[in-house]
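Remarks on the structure that follows.
The values are calculated or read from the model by the stated rules, or taken from the named source; none is laboratory data. Since we're looking at a predicted model, the values are computed, not measured. Here the Cβ positions follow ideal geometry from the backbone for every residue, glycine too, while neighbour counts run over all protein chains shown.
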Amino acid sequence: MANDREVLKVVWEGKIPAKFVIDSNDNDEVYYLNLPRISYFALCTDKVKKHFQRHIEKEDDIWFSYMDVPLKFHIPIGVIYDLLVSDNSLPWQINVHFNKFPEDILFKFPNKDVIESHFLSCLKEADFLKHKGQVICQLQKKDHKQLFLGLQNDKFDQFWAVNRRLMETTEQENGFKNLPLRCYTDDGYSYLQKLITPLTEKGQKKTLKDLLVEFSTPAKKPVGAKTHGIEVPLETELQWLSETLSYPDNFLHLCLIYE
Amino acid sequence: MSVTFTQEQFNVKALEFLEMSEKVHDTWQKEEKENTLFLVKNYKFTFKKEPLNDADDICAIQMLSEVFLIEYHVLLHPSYKVPTIYFNAYKNDKLIDLNDIKLLFCDDYDKEKYEIYNLLSQSEHPILFRPFFMIHPCKIGEVLGKFTETRNFIITFLTLYGPSLVGLKLNNEYEKFFIKD
């Protein structure tokens, strides 16, 4: 793990420049933000709201969209960009809305506590897959808090001081029990989730290539996968991928590439 | 001992449950997507509570004798591999939030009792990818591990979690399928 610290750091520092515009014809005001890929839109609504405050006619929930697709609050920003922005254009132009909240598509995050509890529930699920939930149970409440605050305040060392324990494996185990991962298909936000072990039945380390086979159907065969804006080499070992390129929620979010 | 189930096991028991549901005139329906089966029931719920003396609780008073529509989905959680309930509740076609849900299902307004509602969380439906509320599955495997003799683990799960947490009651007639000849 220690040698991969630089990779962890690069993943942590990934940013997407974004241009927020208000969704109305008679307003050309813009607001620019450098969005951390690993963070959530739910954590930047306050800043955007503050900027456009005087244009809000009535207090309603704020939400964002790109090309008419609502941007989900509970999926990491980098995943949404990789899924929706096919031409990689920058800055990412995002529309800001203050009415007609699409409650059938987006979660409401009325306050930070709700985001925090959602984030912790992802960590819990990931640890259940990796260690049957035994590591997260041993962490104290203040450790849980430290993980969320590390993410919220963009503090790499604070986050990794605790997250390191969630990423540990013993020598006998030779990897996690199952790998927490979501494979997004090319159909909007829908993804596939399966129990994937890091080793083959013969005890060999699985690579991304093996994973793509497991997510193939007779009709659809993925040929590659993208995460954090990069296409992952096919021979990359899955266990390493999980330890190093997972988002802070401890899940690998892979956007499958089809032929 | 904690237990887990495969999707195949879930599918078999879900079909068995649907057969029983039909026999006792319950209204469960089957939904299916790529060999993943889940059970759906829409339920009209009339909220009738005695008016409270506590004048502070305006919200609760307003909710008196209102009709809610609740959409229950029972499915196998993709990570925890145990059955759980996903649900949404609507009032006048508008989704209601977690606070109102607590008021809706809680027998009294005892704040301590709200603690059990930490078991409910907002979660994306893993098959429909829409926002739902979910009974958090992390302890369900342990609880069901105490009932390994059961003929149908979905019914056992629903009996244990449905009525007490999310107002989902199973008709007593389901019992007759469990009495040995």
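In the set (1) within 25 Å of residue A:7 (Cβ to Cβ); (2) in contact with a Pro (Cβ under 6 Å, 6 or more places away or on another chain); (3) at the interface with chain B (Cβ under 10 Å from one of its Cβ atoms), the condition left unmet by residue A:136 is number (2). Considering segment A:115-125, and only residues there that are over 11 Å from residue A:40 (Cβ atoms) and facing chain B (nearest Cβ under 8 Å), the residue that is surrounded by the most Cβ atoms within 10 Å (Cβ to Cβ) turns out to be A:125.
Filtered by the rule that a residue be within 14 Å of another protein chain (Cβ to nearest Cβ), touching a residue at least 40 places away in the same chain (Cβ under 8 Å) and part of a helix (DSSP H, G or I), segment B:124-167 gives B:137, B:138, B:140, B:141, B:142, B:145.
This table checks each residue for (1) at positive phi; (2) more than 13 Å from chain B (Cβ to nearest Cβ); (3) surrounded by fewer than 16 Cβ atoms within 10 Å (Cβ to Cβ).
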{"residue": "A:29", "(1), (2), (3)": "no, yes, yes"}
{"residue": "A:38", "(1), (2), (3)": "no, yes, no"}
{"residue": "A:72", "(1), (2), (3)": "no, no, no"}
{"residue": "A:75", "(1), (2), (3)": "no, no, no"}
{"residue": "A:83", "(1), (2), (3)": "no, no, no"}
{"residue": "A:94", "(1), (2), (3)": "no, yes, no"}
{"residue": "A:113", "(1), (2), (3)": "no, no, yes"}
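Just give me the residues in segment A:212-248 being in contact with a Leu (Cβ under 8 Å, 6 or more places away or on another chain) and assigned to a helix (DSSP H, G or I), in sequence order. If the condition is that a residue be in contact with a Leu (Cβ under 8 Å, 6 or more places away or on another chain) and assigned to a helix (DSSP H, G or I), then A:212, A:238, A:239, A:241, A:242, A:244, A:245 are the ones that fit. For residue A:104, the test of being touching a strand residue (DSSP E or B) at 6+ places or on another chain (Cβ under 9 Å), within 12 Å of chain B (Cβ to nearest Cβ) and surrounded by fewer than 20 Cβ atoms within 10 Å (Cβ to Cβ) is passed. When restricted to residues that are over 16 Å from the mean Cα position of the chain (by Cα), of a type in the set (S, T, N, Q) and over 11 Å from residue A:94 (Cβ atoms), segment A:29-83 contains 3. If you go through segment A:170-201 and pick out every residue that is away from chain B (no Cβ under 14 Å) and either free of Cβ contacts under 8 Å to residues at least 12 places away in the same chain or within 18 Å of residue A:249 (Cβ to Cβ) (or both), you end up with 6.
Can you tell me which of B:49, B:41 is away from every other protein chain (no Cβ under 12 Å), surrounded by 11 or more Cβ atoms within 10 Å (Cβ to Cβ) and at pLDDT below 90? Step through it out loud before you land on a result.
On the way: B:41 fails: at pLDDT below 90.
Result: B:49 is the single residue among B:49, B:41 that is away from every other protein chain (no Cβ under 12 Å), surrounded by 11 or more Cβ atoms within 10 Å (Cβ to Cβ) and at pLDDT below 90.
Scanning segment B:69-83 for residues that are buried (at least 19 other Cβ atoms within 10 Å of the Cβ) and in a strand (DSSP E or B) yields B:70, B:72, B:73, B:74, B:75, B:76, B:83. Residues that are among the β-branched types (Val, Ile, Thr), surrounded by fewer than 20 Cβ atoms within 10 Å (Cβ to Cβ) and within 19 Å of residue A:247 (Cβ to Cβ) within segment A:170-202 comprise just one, A:185.
Consider residue A:156 carefully, then state whether it is over 21 Å from residue A:39 (Cα atoms), among the aromatic types (Phe, Trp, Tyr) and not assigned by TED's automatic domain parsing to the domain that holds residue A:246.
No: the conditions fail for residue A:156.
Of the residues contained in segment A:157-169, none is found to be part of a helix (DSSP H, G or I), surrounded by fewer than 20 Cβ atoms within 10 Å (Cβ to Cβ) and within 14 Å of another protein chain (Cβ to nearest Cβ). Kindly indicate whether any position in segment A:72-88 is in a loop (DSSP other than H, G, I, E, B) and among the hydroxyl-bearing types (Ser, Thr, Tyr). Yes, segment A:72-88 has at least one match.
Please enumerate the residues belonging to segment A:107-144 that are over 28 Å from residue A:68 (Cα atoms), assigned to a loop (DSSP other than H, G, I, E, B) and in contact with a strand residue (DSSP E or B) (Cβ under 7 Å, 6 or more places away or on another chain).
Our first condition is that a residue be over 28 Å from residue A:68 (Cα atoms); within segment A:107-144, this holds for A:113, A:117, A:120-121, A:123-144.
The next check asks that each one be assigned to a loop (DSSP other than H, G, I, E, B); those that pass are A:132-133, A:139-140.
Result: no residue meets the conditions.
Scanning segment A:136-181 for residues being of a type outside the set (Phe, Trp, Tyr) and within 19 Å of residue A:14 (Cα to Cα) gives a total of 11. Of all the listed residues (A:109, A:128, A:148), the sole one being more than 18 Å from residue A:251 (Cα to Cα) and surrounded by 15 or more Cβ atoms within 10 Å (Cβ to Cβ) is A:109. Please verify whether residue A:90 is within 28 Å of residue A:196 (Cα to Cα) and not β-branched (Val, Ile, Thr), treating the condition exactly as stated. No; evaluated as a whole, the condition is false for this residue. Does residue B:110 meet the test of being more than 10 Å from chain A (Cβ to nearest Cβ), at pLDDT below 80 and over 24 Å from residue A:189 (Cα atoms)? So residue B:110 passes the test. Residues in segment A:32-69 that are touching a residue at least 40 places away in the same chain (Cβ under 8 Å), more than 14 Å from residue A:80 (Cβ to Cβ) and not in a helix (DSSP H, G or I): 6 in all.
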